[in-house]
Amino acid sequence: MYFTGNIKRRPLRTFTIILTVALAISINISLSSLSTGLSISARGMIEDIGMDLLVLPKGTSPLLAEMTTMDWGRRIAEGIENVEHVIAVSPRYLNYLFVKTPGGNYTEIPVYGVIPEREENFTQFSLERGVFFKNKGDAGLDAGEVLLSRTLMEKLEVNLGGVVSFSIPLFEGRWINHTFTVSGVFTDVLHRDSKEAIIHLGALQNISGVQREDTISEILVKLDSEGARDDVKRYIEEEFEYRGTVTVYTMEDVYEDVYRFIEIIDNFSLIIYVLTTSISLVIFSTIFLINLLERREEIGVLNVLGIPRTQISLYILGEGMVYAIFGFLTAVMFSWVFMRLFSEVVQRYFWDLPHGFVLFSSSLPSLLTFLLLCLAIAFFSTLPGLVYLLKKSPVELIRGEAV
């Protein structure tokens, strides 16, 4: 065909146009996939925790490991248990303790204190091997068992039934050590590959030297009905308002808090969309206009030969569409390579992604949207020069008077 033959005759120009479109669209595809992937993964992780409400100390942001505790946390948890529609409550305490690695160095890790029989009503911590705890009681230091993440177990080079010592630094370089037996290996859906440990709530409070009633970092709440979620949230906030100690989040609240970060990415992506699309429009239209001006004699000859201007327009627009389709296919390849490499670099050097968490996610509708964007770029880049030339007479085109 006429327009495909012209593409073959000008390989360098063809390559430049396709590469320009491909780079612009691949950036847009990658940013869109990043926003979608983060949104889907964040919601999935939050739902995997298995709770309906999250009670935190006043002013604490959800899903952040902070050393903030609520006043009379244990008593608040006991009060929440008596609220209508509440079927499970699990208070937790988070602290950071040191463990000694086989190399002799100390490393600081997050340690969760939980009440096992209450924690098993939720799904954030799932058991991979061993048992959750043999001793179900909350007997302080007498409950000397610990669960380790797989990553921490490998780092410490211990097995089930082995021992782990948690150390607290004192003055003059001395340490106080507390030894626990490894009863199981667990997975945290929020931090699958992080170095974490779980011990009994009373044990963590005792070795941390804190008051039991005051040292709760968060309370997980499960309800018998999603429809009661807002009412229970409101009741808990009003019940403990006089103490001013807690903030209650629903799962949607937690998701919205995470989504604020995703909105930043979306806003940044919008700027990049406009910028890259505008640049590709300018480059595409400039190159294509130059291409049309160089071919004005051909267009004039086609007019003289009696080929309708409508058919000539279709030839030239078809050529632009071919550029767009090849640019889109190249963009999909570029974005796929970029997303794979970026994900590997992030996981290897910056962030251990939780199980099932994906940074990028694309769908057929979104890819079709970008294909339409490519076709639109080609159409609007080609049309102005085409309309300008077709207004000229064949004689003006052949003589070169169309410029």
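The values are calculated or read from the model by the stated rules, or taken from the named source; none is laboratory data. Just so it is clear, the model here is predicted, and its values are computed rather than measured. With ideal geometry, Cβ positions are generated from the backbone for all residues, glycine too; neighbour counts draw on all protein chains shown.
What to note about this one:
- Output for the range 156-180, where each listed residue is within 12 Å of GLU145 (Cβ to Cβ) and without any contact (Cβ under 8 Å) to a residue 24 or more places away in the chain: GLY161, GLY162, VAL163
- SER278 being at pLDDT below 70, among the hydroxyl-bearing types (Ser, Thr, Tyr) and either in a strand (DSSP E or B) or outside the structural domain of THR69 (by TED's automatic domain parsing) (or both): no
- Some residue of the range 165-178 being modelled with pLDDT of 85 or more, β-branched (Val, Ile, Thr) and surrounded by 14 or more Cβ atoms within 10 Å (Cβ to Cβ): no
- No other residue among ILE325, ILE287 is modelled with pLDDT under 75 and in the same structural domain as ARG13 (by TED's automatic domain parsing) apart from ILE287.
- The range 211-223 - residue that is more than 30 Å from the chain's Cα centre (by Cα) and touching a residue at least 40 places away in the same chain (Cβ under 8 Å) and, of those, surrounded by the fewest Cβ atoms within 10 Å (Cβ to Cβ): GLU213
Residue by residue, here is whether (1) part of a helix (DSSP H, G or I); (2) surrounded by 15 or more Cβ atoms within 10 Å (Cβ to Cβ); (3) among the β-branched types (Val, Ile, Thr) holds:
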site: ILE299; (1), (2), (3): yes, yes, yes
site: ASN303; (1), (2), (3): yes, yes, no
site: GLY306; (1), (2), (3): no, no, no
site: LEU314; (1), (2), (3): yes, no, no
site: PHE326; (1), (2), (3): yes, yes, no
site: ALA331; (1), (2), (3): yes, yes, no
site: PHE334; (1), (2), (3): yes, yes, no
site: PHE338; (1), (2), (3): yes, yes, no
site: LEU341; (1), (2), (3): yes, no, no
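- Only one of the numbered conditions (1) at pLDDT below 85; (2) surrounded by 16 or more Cβ atoms within 10 Å (Cβ to Cβ); (3) within 15 Å of VAL185 (Cβ to Cβ) is violated by TYR112, and that is (1).
- Helices (runs of 4 or more DSSP H) enclosed by the range 1-105 - at least 3 residues per element that are at pLDDT 80 or above: 11-48, 73-81
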